[in-house]
Structure formats: structure tokens, C-alpha cells
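To start, the structure itself, in C-alpha cells.
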Amino acid sequence: MFPSQSDGLVLEVTPSYSAEQADKILEDLLADCLVPRGNNVTNNDKGVKKRASSGPGGAQKNKFVEDSDHRKARKSLHRDIEKQRRLEMSGLYASLRSLLPLEYIKGKRAVTDQLQQAAKYINHMEEKIEKMQMRRDKLKKMFAGGAEEPNKSNVGDVSRNCVKVSLCRDSIMEILIGISTSNNEESGALSKVFADLVGRSELNVISCVSTRANDGLSLHKIQIEVNDPTSIDIPELQTRLLNVIN
């Protein structure tokens, strides 16, 4: 078909296509239209996902992650504190075991058993201290029994000096000596006692503990070891030591 002109009017005749050509042209047009639209859909989907992650659901997920991290941190801190506590308790138990006599903890491996033995040992020591205090008070009364007034002469001070000898166990003897503190020769008197004891081969001095009482007496406790206790005349030894300090 060709265009025709008449009186300046131009007529354009649309070319005719076969059915096969028309279908092909339609497919090309649809393909051109669908490609950008598909890209837009993909981009829109990404935008939707992004908005979803930043929406209320995403905030809830972030909060869950933060709570989980906080719980982990608290658990880690709790483990560290518990570990430090166990180390400190282990050190305290070791220190306690070192203070207990062997006979109290022998065969006691459990901590509870060791604590019970420690309580028994403390009670035993308290009873022992009470007995020693009572014994000390009796000795002070005994030494002060013949005491005279402080303003008396030196003869009265000398009469306050006293000696007590006793056998406390198998081969151990105990000598209790009370010397007046107003006597200027107090240290010399004690030295004479030691010289007398050391000069005897059957006696061996183990220890000496001294204390000063409030009533003007200096108390001395001497422990000696005797090879044969039956060979010692206790009253004779007591009288001889009393003569030494006087």
C-alpha cells in the first residue's frame, strides 16, 4: 500500500502483518515491559525486608539479642565470683588444718569432719584454760597464805618465798616457786635454783615459765625430766630449794 496525496491531505495506511508476525511483536513488547518491572519488584521486596527488619519485629529481635548477651555476662561474672570464693575457702580450710593437732584430723578427709574436730579442739582448749586459771588462783592463794603486810621488814618478805614440787606425769616433775618481788635478790635466787638443778645429773631442766602477780609475788614454773622418779625424794628436794631461795 502506498500513501496518496489529494488536496494537500496526506493519508498514511497502516501496514498489515501476518498473525505470526503480530504474535512475535507482541512478545517483544511484553518482554520490554516486564524486565524493568521485574527489577522494580525485586527492589521493592528488598525495601520491604529492610523495613521489616527495622520495624517492631526487628526491634524485638534486637532486644532479645541484648538480653541474651546480658544473661551471658551475668553468668560469667557469677562463675568468676564463685571461683574466687572457692579459692578463699580452700585457703581458710588449709589454714585451719595446719592449726589442729594431728590426732584430731587423722583419717578425717571430709571438710565437715574437720570442722567438727576443730570445734572439739576449741572446746577442749577452753576447758584446759579454765583448769589452768583455777590452778593459778589456788597457787596464788597458797603462796600468799603466809604473806605479811608490805611495810614489814625483809624477814617477812623472805617468809613469803615458797616452793612446791610435784610429779605431774611419768618422768616429768614440776617445781612451782614463789619469790617476793620486794626482795632485791629475786633474780639471784632463781639463778641459784637453776644452778642446783643443773648440778644434779639425774635431773634435766626442760622449761621455765615466769609471771608476776599483783600481790608482790613473782611466780616461776619449772619442768624437769627425771631419769628415775623413784630415786627422787620430793620433800627433801622441796626443802632444799626453799633454803636456796631464802
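The values are calculated or read from the model by the stated rules, or taken from the named source; none is laboratory data. Source: prediction; values computed, not measured. Cβ: placed from backbone, ideal geometry, glycine included. Neighbour counts: every protein chain shown.
Brief remarks follow.
- Search result, residues across segment 219-236 that are over 15 Å from V193 (Cβ atoms), β-branched (V, I, T) and part of a strand (DSSP E or B): V226
Here is a yes/no grid of residues against (1) at pLDDT 65 or above; (2) more than 41 Å from the chain's Cα centre (by Cα):
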site	(1), (2)
M125	yes, no
L139	yes, yes
M142	yes, yes
N154	no, yes
D170	yes, yes
N183	no, yes
